[in-house]
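The values are calculated or read from the model by the stated rules, or taken from the named source; none is laboratory data. On a predicted model such as this, the values are computed, not experimentally measured, just so you know. Positions of Cβ are generated from backbone atoms using ideal geometry, with glycine treated the same way; all protein chains shown enter the neighbour counts.
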Amino acid sequence: MWQRWWIAVGFLTRIPIPTNIEFSQNQLNRAAIYFPWVGMLLGLIHGLLVLLISRWFSIELTIIMVITIGFLLTGGFHEDGLADSADGLGGGWQKQQVLHIMKDSTIGTYGALALISVLILKWQSNVDLFKLQHFYSAINIIALMVFIQGASRITPVLLMSLLPYCRDDQTSKVKPLVKKISRWSFTMVVLLLCAMVALISVLLGNIILSFSFLLAQLFLLWLSFVYFKKRLGGYTGDLLGGLQQLSELSLLLVMLAVLS
């Protein structure tokens with residue numbers, strides 16, 4: 001379990017990990033269950049940074065700094081997936097054409113527009129949330145960041161259990177890649193999502209949040225499943241990264257809509 005935890009940390013972030021970790025494709029597949037926990041670790045770091053930086057700067061500038069530091073922590077891993085997914089799905093028609101465009105390291109118009117739009121929306125959503133009275137306390141601020149970063153990495157893990165990996169190993173841009181998860185991992189991740197949603201709703205004193213979060217994530221998961229299956233017959237690493245970004249944004253928007 002300890003080995004798989006560090007594999008998950010090394011896969012999703014630039015955080016240094018022990019050098020004696022034994023890697024294998026099977027271990028990486030099993031490590032997928034820890035992806036939401038890695039997200040919670042990142043959320044904890046984000047929350048502490050918000051509390052620290054906001055002592056000297058406005059909340060608007062604070063969020064920009066935290067997002068920038070987040071890029072350094074993850075290497076823009078998910079943002080890169082969002083841009084490549086937008087380029088491929090926006091500019092390609094046939095499956096092989098879409099996969100070829102997604103493999104290209106350059107960013108096109110669709111990718112640039114997707115990145116700019118999502119980043120601006122995430123920035124403004126965070127700013128508006130932290131101006132609400134619910135987030136005047138340090139505990140709630142950290143809880144928000146932990147929840148958003150952790151829960152947003154659950155939806156991609158669930159999608160991996162519903163669709164096959166659709167790119168050949170020879171054409172894969174990123175190696176290695178998680179290709180499947182077990183039913184046990186699927187069940188544990190679903191339970192984790194329910195627990196996180198319940199805890200944040202109780203902490204913020206709004207039970208409607210629970211149903212809103214679950215409906216939003218289920219809708220996003222269903223929409224991704226139908227669309228990716230129709231266009232490509234499965235998922236790629238880029239699609240999972242883009243899905244994480246959309247999941248994060250949807251959680252922010254739902255929370256903002258309900259609380260305000």
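Structure values in brief
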item: Residue match in region 16-39 (condition: charged (D, E, K, R), under 30 Å from residue 183 (Cβ atoms) and under 21 Å from the mean Cα position of the chain (by Cα)); result: yes
item: Yes/no for residue 77 being at pLDDT below 90, among the aromatic types (Phe, Trp, Tyr) and under 22 Å from residue 241 (Cβ atoms); result: yes
item: Selection within region 1-15 - loosely packed, with under 14 Cβ neighbours inside 10 Å and assigned to a helix (DSSP H, G or I); result: 2
item: Test: residue in region 207-226 that is within 18 Å of residue 132 (Cα to Cα) and assigned to a loop (DSSP other than H, G, I, E, B); result: yes
item: Residue match in region 27-44 (condition: without any contact (Cβ under 8 Å) to a residue 60 or more places away in the chain and among the polar types (S, T, N, Q)); result: yes
item: Odd one out for residue 236, checked against (1) within 16 Å of the chain's Cα centre (by Cα); (2) β-branched (Val, Ile, Thr); (3) surrounded by fewer than 16 Cβ atoms within 10 Å (Cβ to Cβ); result: (3)
